[in-house]
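These notes concern the structure reproduced below.
The values are calculated or read from the model by the stated rules, or taken from the named source; none is laboratory data. Keep in mind the model is a prediction, meaning the values are calculated, not measured. Counting neighbours? That spans all protein chains shown, and the Cβs are built from the backbone with ideal geometry, glycine included. Note: accessible area is taken over every heavy atom of the protein model, side chains too, but ligands, DNA and RNA are not part of it. Shrake-Rupley method; radii C 1.70, N 1.55, O 1.52, S 1.80 Å.
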Amino acid sequence: NPAYLYILLEFKSKSDPFTGLQLLRYIVNLAEYQRRQQPGLKKLTPIFPIVLYSGQSDWKHSRTVQSLFQFHSFITDYIPHLSYYVISESEYTPDHLEQLNHAVSWLFRLEQSSKDDFIDLITKASQTLSDEDESLIKALALWIGFMLSDHYRMEKEKVEFIQDCLHLLDGHHEG
C-alpha cells in the first residue's frame, strides 16, 4: 500500500515561542478538512510540521507544544503533544544552496535574496529546474507569487517579467 504524508511548511522570520500552538491549529484544521473531504475515513494522513526559519539568530524556543503549558507530571498524558522540525536558512550558504539545485534550495535562495537579486534568481531557477517534481515546481511558483504580492511592491514591467518566469516554472513540465 502507498504511504502518504502531508508536509506543513510555516515560514518564520523571528523565533516565536507560540509557533507550536499555531502549527497545532493548522494541523487540526487540515485533519478536519481530510474528514470532510473523505467521509468514512478511518485514519488520517500524518502531517509533518516544518518551520522554515529565516532569522539571523538561532531558534531559541522549544520545539514542542507541551512546553507551552505549566503542569504537574500527573497530567502529562493529557496535555497536547506536538513536536515540529525547524530548518534555519542561515545555516546554508548561497554557494551550498546553488550546488543543491533543488526546488527547496531555490526557495531558500529566493528567501535570502534582495529585491533585485530575486528577479535574477527566478530567471535562473526557471532555466535550471527541469528535472524537479511537478508538484514542487507548482508550490515554488505559488510561493514566488506570494513573495511578490506580499513582500515586494514592484513596478508593472518587473511584475510582468516575473509573471513570465512563473509561467516558465509552472509550465515547464507540460509540452
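Points worth noting:
- Rounded if a/c under 1.5, otherwise prolate or oblate - region 1-145, Cα gyration tensor axes: oblate
- Ordering of 39-45, 59-65, 89-95, 107-113 by burial proxy (mean other Cβ atoms within 10 Å per residue, highest first): 107-113, 59-65, 89-95, 39-45
- Taking each residue as 0.36 nm, the span from residue 98 to residue 134 lengthens on full extension beyond its C-alpha to C-alpha distance by 11.0 nm.
- Among the listed pairs 14/42; 60/138; 14/138, a Cα-Cα separation exceeding 30 Å is found for 14/42; 60/138.
- Accessible surface for region 1-134, divided over its residues, is 66 Å² per residue with a 1.4 Å probe.
- Going by accessible surface with a 1.4 Å probe and the largest first, 53, 6 read 6, 53.
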